[in-house]
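One structure is given below, encoded as structure tokens.
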Amino acid sequence: MTELNETNSIIHNPNFSNSRLFIGNLPPCTKEELEGIFLPYGKVFGSLMRKNIGFVQMKCAEDAKRAASSLKNNLFKGNIITVRKGATPRSGAGPPLPKLTENVNDCEILAMDTRNTQYAEMIEKRLKLLHLKVDVLFPNAGVPLGKVLSTIAGRGCLYAILINKQHEKHRSITLNILHGQQSEHRNMPVDDAIKLIEADFRKTSRGILANSDAAKMRPPQSTPIKPGTPPKPLPEGRHYDPMQTLLKLLANKAPLTVSQYDRIIKYLQERRALQMKVELEDAGNGAVTAVTANMPDPEIALQKKMMEILSKPSVAEIHYNLLYPTLEAVKKDTGILDLLKDVKVQKALDSLIDTDLGLKVEKWMNF
């Protein structure tokens with residue numbers, strides 16, 4: 001009894017709030033089961049549960065931070081739980097409800113089969129162009145769809161999209177609007193569904209804020225982005241939130257599905273290709289600069305060659321006793337002309353031309 005009172009005292013003590021965690025969207029479970037998922041990250045002093053929310057008291061702030069980072073948005077007994085730094089629980093009225101955080105997605109795409117991954121990611125990209133925070137999930141076949149939708153809605157998600165092989169075949173989706181007046185639109189053409197989401201999202205406070213932030217990030221029209229300008233890199237050591245979560249799960253050796261491994265591999269391959277392109281461009285620019293610096297100007301080289309040719313003495317200036325000093329002298333000798341017309345002589349001259357005799361004569365006469 002004394003130990004129980006001490007545990008309750010620690011959980012309600014504001015001095016220990018830095019090492020206290022809040023857990024939202026809890027499924028029905030025992031205190032031992034709840035505390036069990038936190039034990040790999042450090043000593044657990046105790047826990048407190050009320051309906052579908054709870055608190056866990058860790059030994060120190062470092063353990064709490066590590067547990068929150070690893071268990072956030074993890075699946076626990078069929079529910080995707082939220083884990084964050086907790087305040088002091090209030091008695092009587094119960095603990096305060098969690099506030100909406102930046103990590104909450106605006107839309108979740110539920111792919112019922114991993115073979116629909118490409119179709120789901122196509123829709124994900126289109127929705128992200130509308131400034132929605134979107135992620136693709138592959139729900140467990142053993143969990144009822146109604147419970148999955150309830151879990152997503154409980155996290156503050158605005159829309160849920162259901163995709164199966166029939167949807168992909170007919171280019172359609174089933175859209176669930178989870179906020180305000182909830183509604184379901186079955187087998188809706190994907191273009192119509194995205195237009196509906198866009199129009200509805202613009203009316204929400206999140207949509208107004210997202211479009212406002214996007215407008216601030218756009219460059220002014222007077223300074224348009226030049227074609228080929230690379231996108232701004234991500235902050236050092238940081239990936240996009242959905243991928244950051246998957247990479248943390250992988251780093252902590254948490255169990256992942258085959259589709260989640262595929263998404264990580266695809267993402268890393270894309271990042272590798274981008275990095276390789278940047279490095280090759282940097283290396284190429286350096287090589288081009290070096291080659292250009294050492295390459296002679298072709299116009300100067302041509303001028304130099306012409307000057308060398310012009311500076312050589314002409315044939316008329318060479319002082320040798322030639323048999324026929326001019327072409328006119330050759331023409332006057334009818335005997336030599338008749339000889340040159342002989343086919344055998346012509347073939348012999350052709351053979352001499354094909355040899356290096358001409359070069360040897362030129363060298364000997366110092367042409």
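If the condition is being in contact with a Leu (Cβ under 8 Å, 6 or more places away or on another chain) and surrounded by fewer than 15 Cβ atoms within 10 Å (Cβ to Cβ), then the stretch 110-144 contributes only Asn140.
Scanning the stretch 163-181 for residues that are out of contact with any Asp or Glu (no Cβ under 7 Å at 6 or more places or on another chain), touching a residue at least 24 places away in the same chain (Cβ under 8 Å) and open to solvent by 30 Å² or more (accessible area, probe 1.4 Å) yields Glu168, His179. Filtering the stretch 17-71 to residues that are closer than 16 Å to Lys85 by Cβ and among the hydroxyl-bearing types (Ser, Thr, Tyr) leaves Ser17, Ser19, Tyr41, Ser47, Ser69, Ser70. Scanning the stretch 136-188 for residues that are closer than 23 Å to Met122 by Cα, assigned to a strand (DSSP E or B) and of a type in the set (S, T, N, Q) turns up Ser172, Thr174, Asn176, Asn187. Going by what's in this entry, would Glu6 be described as loosely packed, with under 15 Cβ neighbours inside 10 Å and either part of a strand (DSSP E or B) or modelled with pLDDT of 85 or more (or both)? Criteria not met by Glu6.
Each residue in the stretch 148-182 was checked for being of a type outside the set (A, V, I, L, M) and in contact with a Pro (Cβ under 6 Å, 6 or more places away or on another chain), and 1 of them qualify. Scanning the stretch 22-76 for residues that are aromatic (Phe, Trp, Tyr), in contact with a Pro (Cβ under 8 Å, 6 or more places away or on another chain) and farther than 18 Å from Ala254 by Cβ returns Phe22, Phe55. With respect to (1) more than 23 Å from Phe201 (Cβ to Cβ); (2) modelled with pLDDT of 85 or more; (3) outside any helix (DSSP H, G or I); (4) polar (S, T, N, Q), the lone exception for Ser91 is condition (2). The lone criterion from (1) at pLDDT 90 or above; (2) open to solvent by less than 50 Å² (accessible area, probe 1.4 Å); (3) touching a Ser or Thr at 6+ places or on another chain (Cβ under 9 Å) left unmet by Pro189 is number (2).
The values are calculated or read from the model by the stated rules, or taken from the named source; none is laboratory data. Fair warning: this is a prediction, and the values are worked out from it, not measured in the lab. Note: ideal-geometry Cβ built from the backbone for every residue, glycine included; neighbour counts use all protein chains shown. Surface areas here come from the heavy atoms of the whole protein model, side chains and all, with no ligands, DNA or RNA. Shrake-Rupley method; radii C 1.70, N 1.55, O 1.52, S 1.80 Å.
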